[in-house]
1. Any number yet on Rg/Rh for the range 396-537, C-alpha, Kirkwood?
2. Averaging over every viewing direction, what projected area does the convex hull of the Cα atoms of the range 565-669 cover, in nm²?
3. Roughly how many Å is it from the Cα centre of the range 453-480 to that of the range 433-451, as a whole number?
4. Can you give the relative contact order of the chain as a percent, counting alpha carbon pairs under 8 Å and 6+ residues apart?
5. Between Ala386 and Asp262, take the C-beta separation as r, use R0 = 22 Å, and let me know the FRET efficiency to the nearest 0.05.
6. State to the nearest 20 debye the size of the charge dipole of the chain about its Cα centre, where the only charges are +1 on K and R beta carbons and -1 on D and E beta carbons.
7. Which value, in Å², gives the accessible area per residue of the chain when a 1.4 Å probe is used on the protein heavy atoms?
8. Placing unit charges on C-beta atoms (Lys and Arg positive, Asp and Glu negative, everything else neutral), compute the dipole magnitude of the range 13-73 about its Cα centre in debye, rounded to 20.
Amino acid sequence: MTLPPPKLDDRDYRSLVEEARARIPTYTGDWTNFNESDPGMTLVQLHAWLTETLLWRMNRLPDLAYVNFLNLIGTQPAPARAATAELTFTLAKLDKAQDPLTVLIPKNVTVGVDDPDLASPISFETDSSLRAINAAVAAITVPGAVAGDRALVGSYHEDSAELLLTQPFRPFGDATAAAEMRVGLLLRPYRDDKQNYFLDRFPEGELDVTVFVPEVYDTDADGEEIEGPFGMTCLFPWQVTEGGADLVWEVYDGTDPATDMDTSSAWKELTLRGDDTAGLARSGHLYLDMPAGLSAVPFTALSREHWKDLGLSKPPGENIELAEDIENEVFIPADLAPDIWKDQLGLPDPDLADPIALAGAIKALPDELDFAAVESDAWTDLGYSAPPVTYGLIWLRARLTTARDRAPEISAIRLNTVRATAATTRTNETLGTSAGRPNQSFKTKRAPILIDPATDTPDITIDLVDASGTRSETWERGEDFFGAGRDTNRYLLDPETGTITFGDGVNGRIPVAGTRIIASGYRVGGGAAGNVAAGTITSLKTALPRVEKVTNHRDASGGSDAETLDQAKLRAPQQLRTRDRAVSADDFADLALRTPGVDLKSAFALPLVALDHATDPPTHLPNSAGAVTVVVLPNNADPKPQPSEDQLRLICAYLNERRLITTELYVTGPRYLDINTLEAEILVRPDEDLKAVQDRCLAALAQYFHPLDGGYPDETTGKGPGWPIGGDIYTGNVFDRLLAQEGVLRVPSLSIGTADDPADACLDRLTVPEGTLVHLPGTVAKLTVRYPRGD
C-alpha cells in the first residue's frame, strides 16, 4: 500500500473565515456585525485568502522534500528518445557507360517527413555513410515444393527496377534439411541499348544487404495474416553472430554456368563482416565482402535443366535442342514464321510440312544456327518462357548447412538502405564566454539534446577555446561533481534543457575568463511524434544529384517523449527496488515497462518459462530452469494489440544490459483467449428505450473486456485500468457491469464460455492461462432485452 503524503495544514478559505468569525467575540467583544457587508469581515476574507495561498505553498513541502530526495539518489526524469527508421535510397537512372556504379551518400543526410497531419516538421538524418550500389535485387530462387526443384520468388519489373513480391517467402523451404537461396543482383538496372557496358564489373568491397522479415498483421509465406504473438529470444551480440553460424554466403565465380552452376567449385565463399539478422531469423543488415572481377550470368546462359527446375521452359539455343523439341512436338514448325527460319536462324529452305525430316536436317547441319538473332517474343508465342530478367546477374548464394527447428521467412531483401534518426545536427555553436566565476551555466540554442542509443549518453561534444584560438584539453561530461578536484575538467549537462554547468573551483575546474564555450557538434530531437508511418519519410532535404528518391518501407519506431516529474516520482520506488538490475520476475516486468522508446500498457513476467520457436505461434515451455519469459502489451489501437519486431528488439536490448548473463530471456506478446459465447437476458425499466439500453450494455461489455481499457471504468474517463494479463473471468463481475447500466432492471440469465471453459459448464469463474488476455469479438455478445411483463 502506498503511503499518502502528509498534508501539513488542511484548512481552506471557508474554514479560515469561519474560524476567524468564531474568535471575534473572544478578542473584540464590541464587534457584533458579522455580515458580508461589514468592512471588518472584508479584511477577514482577504486575510483568509492570503492565508490559504500560504498554506497551499506550505503543503507542497513534502513534495519538495520528495523531489530533493530523488535528486539526492540520482533519479531524474528520463529524457526524450528519438525514433529511428530504415531509409532506402533509389538512385537516378545512371544508364550511361561512364556513369558511376557506386554513389557515396554521406552521413547526416536530411530527409523530411511528408505528412500534412504533423503538428510541426520532423526530419530524419542518416546515422552513417552509405555506399550505394547502382544495382537492384532482380531475382530470388528458393527450394520448390518438390525435392530438387527451385522456385522463383516474385517478378522483376524493368521499368521500376524492382522485384515485386506478393507475399513473404521461405528462403530454405521448410528448413528440415540443408538448402539454399540464390539472389541475383542486376548491375546498372536502367540501360540504354546504344551504350556499351562491356567493362562493367560489380564493385569490389562491402555490400550492405538489408533483410526484412514479416511482422504481426503482415501476411506469411502461406498468404495468411499473422495474428501473433511473436516471440523473440533476447540475444547478446555474440549470440546474434552465432545464430548465423549454419549459413554460408557465396558468390558464383565459375566459367560455364550451363554446366558448373550447381557445382560447389564454382562458388566462392564470401567474408561476412557483420550479420544483424541472426542467420536470417530477424530483420537487419548483412555486410558481405565482394571480390573483384565478378562476371554477370544471364538466365539464357543457364542450362535447360536449370530452367525446368524453376518451372520454366527454355527456348532452344543449340541445333540439337531445336531438333529434339521438334521431334517431341514441343511446337509445330509451321507456327514459327518462315522469315524467322530463313532470315534469322539462317536455315535457307526448311521443310516445315515434314517435322521429322526437318529435325533430321537440323541435326545434320555442320554449323550452329543463329539463335541469338531470334527475338524472345517469337519463342514465347510458341509457349516457351521468357527469361525472368533480360540482362546478366551477379549470383549470391546463402547455403544452410544444417536443419533448423523453424523455417525463417523473409518479406523483402533490399540494397542501399541505411538507418536514420529523427534528429537535427548542429555544429560549431558558440554558447558563450566564461567570466571566470563559479558555477557558470550556458545553454544550447536548441534542445533537447539527443541521447545516443549506442552509449545511452547525450550526443554532444563541448570544446573550450581561449582568446588566441587554441582549444584547451578535453572536457568530459559527468553526472555530478563528486570526486572532482579544482583541476578536473568536468561539466554537467541537462539534456532536456541543453544547460551546461561548470564547477566552482573546488569541485570541478572553472573555465578561464575569456574562454569561449563551443558546442562542436550535437544532435537535437526526440519525441513520440517521430514514430511516423511507413512511406512518409520521403522529402529529401540534402542535395544528392544522383539520388532519385528515398522512403521508409516500415514504420519508424523507438521515439518517446521526455518523462514528466510526476512520472519520475511514480517510477522512483520501482527504481529503488530494482536498482536497474533484473533478478526477480517482477524486476523483468518493471524494467520492460521502462524501456525507452516503447509505449507499453503492461508487462508480466513468467519465471521458469521458455518459448518454443518451433511452433507458430511460439508455445510456452514451463519448468525451464534459468528461463524468464516477459509478456508485453503495447499501447496501440489494434483489437488484439501485439508488439512489433522493433519493439521486441528494443525491450530485449534494454533488459540484456540489466539481466544476469546466465538468464535465458524471451520477450513475447500476449496470447488471446476468445470468448465464444456471451448471452444474457436483460429486463429493462418500462420507461426506457430497449435499443438504447441494449447499445449501452454492449458498449459496457466491450469496454470491460478490452485489453487496454478493460476492467471497472473510471467515472470521469470511462476507461478501466486494462484487463490483467492472465486475469480470470468472473461471471459475477459481468452481472455487475450489466446491472450498472442505466435502464437495466434485472439480468435473469447470463451465459459465458470460452474454448477452455464452455458455456454449458455454467462456471462462476472462467480460467485464463498465464500470459493470456481475453478478447470479446464484436459479434459474439447476444443480448435479449425486454420489458418485465408478466415477471
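1. Using only Cα positions, Rg/Rh for the range 396-537 is 1.20.
2. Convex hull of Cα atoms, orientation-averaged projection: 7.2 nm².
3. 11 Å
4. Relative contact order, the chain: 15 percent.
5. 0.45
6. In debye, rounded to 20, the chain gives about 4060.
7. 50 Å²
8. The dipole of the range 13-73 has a size of about 220 debye.
The values are calculated or read from the model by the stated rules, or taken from the named source; none is laboratory data. Nothing here was measured: the structure is a model prediction, and the numbers come from that model. Ideal geometry is used to build each Cβ from the backbone, glycine not excepted, and the neighbour counts take in all protein chains shown. Please note that ligands, DNA and RNA were not included when accessible areas were found on the heavy atoms of the full protein model with its side chains. Shrake-Rupley method; radii C 1.70, N 1.55, O 1.52, S 1.80 Å.
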